[in-house]
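See below for the structure under consideration.
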Amino acid sequence: MPRIELLDAETISRIAAGEVVERPSSVIKELLENAIDAGSGAITLEIRGAGIEYIRVTDNGGGIEAAQMRLAFERHATSKLRSGGDLLDIRNLGFRGEALNAIAQVSKIEMKSRPKTQEYGMRVVNEGGKIASLSEAGCPDGTTIIVRDLFYNTPARRKFLKKNAQETAACSDMVTREMIAHPEIAFRYIVDQKQVYRTPGDGALRTVLFCLYGRDYAAKAIPIEGERPGIKISGFVGVGELSRANRREQSFVLNGRYIRNVLLSQALEQACKMRFMQQRFPTCALHLTMPYASVDVNVHPNKLDVRFREEIELLRNMAEIIEASLAAHDAKKAPKFSAPSEPEKTPEPSAEIPAHNPPAPAHTPPAISTESVMAVFGALRDISPRPETKEAPETREVAPPPSKELTTESKYAAMQETYFKEDIEAPPARLIGRLFSTYIVLEREDELLFVDQHAAHERILYERFQKQYGAPQAQYLLAPEVIELGHGEWLRLHTQELLLRDAGFVFEDFGERSIKLTAIPHFLGKPYCREFLLDILDQLGEQAREFPVGREMLIKHSCRMAVKAGDRLRDESIFALLKDIERTGISTCPHGRPIIAAISKREIEKRFGRIV
Ligand code: ADP
Ligand code: MG
């Protein structure tokens, strides 16, 4: 048998280094966090060759004293933690004293630093973990670290790196997170001599989002703000058109630290349910503030994963805060429709909407015939974009100044003025007709609106059913129904028995894989109950987590009862529907599809070559 022996010190540090420094982006994370911990107001990050060749981080923080320059590279050398007891109360991003040591083990580092109080700076060179030189040097206050030739002495690790483009993307992702985590710091990010991102450090998260994701995102992201015992949340959520096909643009910042956590994503998605479509994910930049002692950040050397003490509680609170903010936003932004000229007598509106193809209307046609609206829409799609016209005198003043001449600062200013009209209510919209018997077409100030009649009605019904059937009750069937299930379905049915019973299904086993259904949720008609149950079982999947059976049923039921695309609605029905939308401020159907789509006057005028 081989003998058990202790590893030598060098091997131990290499192994440990591997946990902290996996790839260039992990170096970036550690260096940026050191700069942030040093109290910097401005940080520049430059990378070349995907961060493998060269990484530079320059900050204007507190610096390192001359006498400590050597010590900073020792393993477990830190100025941020004094004893084990402090581990319960970690306020800095760093605390393990491992990063500089680990990075130095696998690269060539040059570091210059000068605290304000010191007249001269120090320059130290460390190669593969050994100090190669240490001398006085002239430098501005703060710290600059340059990391070259990452993994030059660990070829195995280097071979496992992805293509340069992917490593660069990972670096950019990391910088993005730190920018979101610290809107008060002015960041500059340079890749291969080109500036990629820059944030002004004005303290506003919205500005950071503008710089990272663009004006549209910054303008349309919904502010989230709220507090519950043990947690405070602020930030932004992007739903609908701001949702994405993956979770990459979900950023959670806990007490100033960017973290990864699937549960937080789930709480977010739960809260935003119905506001994004299937296969998509809401985006967010959320800052969570919690007592330091209620989170453990010392889970892994990379400090990205955390553990929460009161997990369930936290997730519930979080979902509630987000839901409340979204609802408040809806209420404020609810579209307004100008009252129809005909006197309306529809006090309990959408109930009156006939569910299925009503007879063709014997009523006055809309102000503009559907045909002409269709003609316009058709033209919008057909005409190839933008014929070159120099002359557009009557609209010249509408065109914005050429954007290339705007400085970053004036762009912020313009954005603040025009786009963040949080408190301004939506202007009223005027009905102009219906399109394809599917969309209601409206004009509002500078845009043409299309309302999806099915999506809108479905959501209205959903809200109503939800109120009526707050707690689903069971309705006993005169003749119980026997349903035969697949093995998977049968298993799922039993794992989720409680949920299904809560929702109003009562059943018992009936032979091998069959059940006898004796009661169904009381709003379901008998003919549908079988189909509903099977559908729900499909959706339950293998997850034993909470699954909102009741809600899924309500969604299906609403979908079934709502007017369909292609149903020709009477004018009163349209007005009733619009009133309902206005009253409830809803913006998506229960499946998360948008109810309203807009085409701006600008876009239309562009198609006609009136403006360029
Ligand atoms: P940790 O951040 O966990 O303390 P590091 O190895 O990352 O460990 O850094 C070691 C020490 O070096 C820090 O505790 C800090 O005192 C000092 N240091 C590192 N980077 C900087 C910086 N940019 N500005 C000031 N001090 C720094
Ligand atoms: Mg550190």
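The values are calculated or read from the model by the stated rules, or taken from the named source; none is laboratory data. Please read these numbers as outputs of a predicted model, since none were measured by experiment. Here Cβ is always computed from backbone atoms with ideal geometry, including for glycine, and neighbour counts include all displayed protein chains.
None of Thr44, Thr11 is of a type in the set (Val, Ile, Thr), under 24 Å from Leu254 (Cα atoms) and out of contact with any helix residue (DSSP H, G or I) (no Cβ under 8 Å at 6 or more places or on another chain) except Thr44. Scanning segment 151-165 for residues that are without any contact (Cβ under 8 Å) to a residue 24 or more places away in the chain and assigned to a helix (DSSP H, G or I) yields Pro155, Ala156, Lys159. Among the conditions (1) in contact (Cβ under 8 Å) with a residue 40 or more places away in the chain; (2) on the phi < 0 side of the Ramachandran plot; (3) not in a strand (DSSP E or B), the only one that Ala50 does not satisfy is (2). If you take the residues in segment 57-75 that are assigned to a helix (DSSP H, G or I) and away from ligand 2 (no atom under 16 Å from the Cβ), which one is farthest from Glu119 (Cα to Cα)? This residue is Ala67. Among all residues of segment 183-201, there is at least one that is surrounded by 20 or more Cβ atoms within 10 Å (Cβ to Cβ), touching a residue at least 40 places away in the same chain (Cβ under 8 Å) and of a type in the set (A, V, I, L, M).
Between Leu578, Leu554, Leu524, the distinction of being touching a Phe, Trp or Tyr at 6+ places or on another chain (Cβ under 8 Å), surrounded by 15 or more Cβ atoms within 10 Å (Cβ to Cβ) and at pLDDT below 80 belongs to Leu524 only. Of all the residues in segment 217-245, those that are over 26 Å from Asn92 (Cβ atoms) and not in a strand (DSSP E or B) number 11.
In this structure, does Ser107 turn out to be among the hydroxyl-bearing types (Ser, Thr, Tyr), under 25 Å from Arg188 (Cα atoms), within 16 Å of ligand 2 (Cβ to nearest atom) and more than 27 Å from the chain's Cα centre (by Cα)? Yes. The residues in segment 90-143 that are of a type in the set (S, T, N, Q), outside any strand (DSSP E or B) and within 12 Å of ligand 1 (Cβ to nearest atom) can be counted, and the count is 3. The combined condition, being buried (at least 16 other Cβ atoms within 10 Å of the Cβ) and over 23 Å from Ala35 (Cβ atoms), is fulfilled by Arg157.
Condition check ((1) surrounded by fewer than 18 Cβ atoms within 10 Å (Cβ to Cβ); (2) in contact with a Pro (Cβ under 8 Å, 6 or more places away or on another chain); (3) touching a residue at least 12 places away in the same chain (Cβ under 8 Å); (4) under 16 Å from Ile36 (Cα atoms)) across all residues:
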| site | (1), (2), (3), (4) |
| --- | --- |
| Arg91 | yes, no, yes, yes |
| Ala99 | no, no, yes, yes |
| Ala104 | no, no, yes, no |
| Glu110 | yes, no, yes, no |
| Ser113 | no, no, yes, yes |
| Lys116 | yes, no, yes, no |
| Tyr120 | yes, no, yes, no |
| Val125 | yes, no, yes, no |
| Gly128 | yes, no, yes, no |
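Here Val262 qualifies as over 11 Å from the mean Cα position of the chain (by Cα) and surrounded by fewer than 16 Cβ atoms within 10 Å (Cβ to Cβ).
Per-residue answers, yes or no, for (1) closer than 30 Å to Ser558 by Cα; (2) modelled with pLDDT under 85:
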{"position": "Tyr258", "(1), (2)": "no, no"}
{"position": "Val299", "(1), (2)": "no, yes"}
{"position": "Glu313", "(1), (2)": "no, no"}
{"position": "His329", "(1), (2)": "yes, no"}
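The residue of segment 19-52 that is surrounded by the most Cβ atoms within 10 Å (Cβ to Cβ), among those that are away from ligand 2 (no atom under 12 Å from the Cβ), under 15 Å from Ile145 (Cβ atoms) and charged (D, E, K, R), is Glu46.
Residues in segment 551-593 that are of a type in the set (Ser, Thr, Tyr) and either outside any loop (DSSP other than H, G, I, E, B) or out of contact with any strand residue (DSSP E or B) (no Cβ under 9 Å at 6 or more places or on another chain) (or both): Ser558, Ser573, Thr584, Thr588.
The single condition among (1) of a type outside the set (D, E, K, R); (2) at pLDDT below 95; (3) part of a loop (DSSP other than H, G, I, E, B) that Pro183 does not satisfy is (2).
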